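Engineer: Here it is, the structure, as structure tokens.
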Amino acid sequence: MSSIDVSEAAKAVVRRNTEEVQGGGDFELFDELFADDFLDHTPQPGRTPDKAGAKELYHVLREAFPDFHAVIHWQAADGNLVTTYKTYHGTHKGEIFGAPATGREIHFETVDAMRVVDGRITEHWGVANLFSLLEQIGAWPPAN
């Protein structure tokens, strides 16, 4: 398999995660796409850096934003390492980061990198504009 084929296959796995798991709530697919020894190098606060922590985060996001979905602006791959720039969207209908539901439409940008080995996501690094999200749901600045 050429490096182009490896990159395209890896991008497809990451795209499926973004669209079908994060956006569609398909947690059976999550179990197929994530390796059992998955490692998140940048876990969100309060989450473990393993597969269970990632799955928990995805559940929390879908509970807080039942219509949670992403628009992928671009993806680039270097072999099996895929970098994705995307904007998440949703309606704040459940508690997140201690903030009760507001009913507000939200959006925030994320850049992440995921390594895909044998069709499964094995590693993740990411930066999300959570400050913007906190502002949109009225959780920043903090109440006095």
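The values are calculated or read from the model by the stated rules, or taken from the named source; none is laboratory data. All figures in this text were calculated on a predicted structure; none of them were measured in a lab. Positions of Cβ are generated from backbone atoms using ideal geometry, with glycine treated the same way; all protein chains shown enter the neighbour counts. Quick note on the areas: whole protein, heavy atoms, side chains included, nothing else; ligands and nucleic acids left out. Shrake-Rupley method; radii C 1.70, N 1.55, O 1.52, S 1.80 Å.
Engineer: When the residues of region 3-41 are narrowed to those that are among the polar types (S, T, N, Q) and farther than 17 Å from Ala70 by Cβ, which ends up most open to solvent (accessible area, probe 1.4 Å)?
Structural biologist: Applying the first criterion (among the polar types (S, T, N, Q)) to region 3-41 yields 3, 7, 17-18, 22.
Adding the requirement that they be farther than 17 Å from Ala70 by Cβ leaves 3, 7.
On the way: Ser3: 83, Ser7: 13 Å².
If we take residues in region 3-41 being among the polar types (S, T, N, Q) and farther than 17 Å from Ala70 by Cβ, then Ser3 is most open to solvent (accessible area, probe 1.4 Å).
Engineer: At pLDDT 95 or above and crowded, with 16+ Cβ neighbours inside 10 Å, is that true of Asp112? Please lay out each step first, then the result.
Structural biologist: Values: at pLDDT 95 or above: yes; crowded, with 16+ Cβ neighbours inside 10 Å: yes.
Criteria met by Asp112.
Engineer: Still on this model: Among the listed residues His89, His107, His124, which satisfies the condition of being open to solvent by less than 40 Å² (accessible area, probe 1.4 Å) and of a type outside the set (Phe, Trp, Tyr)? Reasoning before the result, please.
Structural biologist: On the way: His89 fails: open to solvent by less than 40 Å² (accessible area, probe 1.4 Å); His107 fails: open to solvent by less than 40 Å² (accessible area, probe 1.4 Å).
Only one candidate passes the filter, namely His124.
Engineer: So Asp78 ticks every box in (1) touching a Pro at 6+ places or on another chain (Cβ under 7 Å); (2) more than 24 Å from Gly98 (Cβ to Cβ); (3) of a type in the set (D, E, K, R) but one. Which box is left unticked?
Structural biologist: (1)
Engineer: Let me ask something else. Among the numbered criteria (1) more than 12 Å from the chain's Cα centre (by Cα); (2) surrounded by 14 or more Cβ atoms within 10 Å (Cβ to Cβ), which one does Ala54 miss?
Structural biologist: The one condition Ala54 does not meet is (1).
Engineer: Any residue at all in region 67-75 that's in a loop (DSSP other than H, G, I, E, B), over 23 Å from Leu39 (Cα atoms) and more than 11 Å from the chain's Cα centre (by Cα)? Step through it out loud before you land on a result.
Structural biologist: Initial filter on region 67-75 (in a loop (DSSP other than H, G, I, E, B)): 67-68.
In the following step, the residues that additionally are over 23 Å from Leu39 (Cα atoms) were identified as 67-68.
Next cut, more than 11 Å from the chain's Cα centre (by Cα) only: 67.
Taking every residue of region 67-75 in turn, at least one turns out to be in a loop (DSSP other than H, G, I, E, B), over 23 Å from Leu39 (Cα atoms) and more than 11 Å from the chain's Cα centre (by Cα).
Engineer: Select from region 25-66 the residues that are assigned to a helix (DSSP H, G or I), in contact with a strand residue (DSSP E or B) (Cβ under 8 Å, 6 or more places away or on another chain) and among the basic types (Lys, Arg) and list them in ascending order.
Structural biologist: Lys51, Lys55
Engineer: Now for a different question. Against the condition farther than 24 Å from Gly138 by Cβ, at pLDDT 95 or above and among the hydroxyl-bearing types (Ser, Thr, Tyr), how does Thr48 come out, does it pass? First the steps, then the outcome.
Structural biologist: Values: farther than 24 Å from Gly138 by Cβ: yes; at pLDDT 95 or above: yes; among the hydroxyl-bearing types (Ser, Thr, Tyr): yes.
Yes.
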